Amino acid sequence: MKPMNLQLGLKRYSQTICAILVALTLVACGESESPTGSAMSPSASLAGQSEAERWYTEAQANAGAQVFANNCALCHGDNAQGITEDWRAKLDDGNFPPPPLNGSAHAWHHPRSVLLQVVNNGGAAFGGQMPPFENVLNEEEKLQAIAFFQNLWTEEIYEQWEDINGSN
């Protein structure tokens, strides 16, 4: 491999590893206020989405609001907005903080299967802090939590997610 190609390959590899590490912190725990002070109400969000174009139902997203509040909001914020000023800046312990899941960070780059893997396995194996939820939530609750935060995504972000990932 030529040196320039090697550098590009290493850069892409590093970016991929970084994205995976940050992705592993995706879904975590409890409640917090938005760093900007603004919060989107899930019901307002649900009313504005075209449910027919999304993989989940309104009922799943509504149920997901409670699952998210009980298991994820402590680390990701009440409305998945994140709880830190800059989710890309490492914490003092060298880990990244939990990212926003509301479409303003990178979660929308990942297929649902990867989101479920992160929920199931947590981030410890990859240097993240998120605990595994495989034995905490059942499969429907995991999908409901994902439906909740994906429902906060704009149509544009959701369409980009579908274009990249299909809806799997």
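Legend: ranking of residues Arg88, Arg54 from fewest to most surrounding C-beta atoms inside 10 Å; resulting order Arg88, Arg54.
Sorted ascending by nearby beta carbons within 10 Å, beginning with the fewest, Ile164, Ile83, Ile146, Ile157 become Ile164, Ile157, Ile83, Ile146. Per-residue Karplus couplings for segment 74-81, computed as 6.51 cos²θ - 1.76 cosθ + 1.60 with θ equal to phi - 60°, are listed in order as 4, 9, 10, x, 3, 10, 6, 8 Hz, Gly and Pro entered as x.
Given their separation in residues at 0.36 nm each and the Cα-Cα distance between them, Asn70 and Gln117 gain 15.0 nm when the chain is fully extended.
Since every read-out is calculated from the coordinates, none of them should be taken as a lab result. All values derive from a computational prediction rather than experimental measurement. Neighbour counts are summed over all protein chains in view; Cβ atoms, including those assigned to glycine, are modelled from backbone coordinates with ideal geometry.
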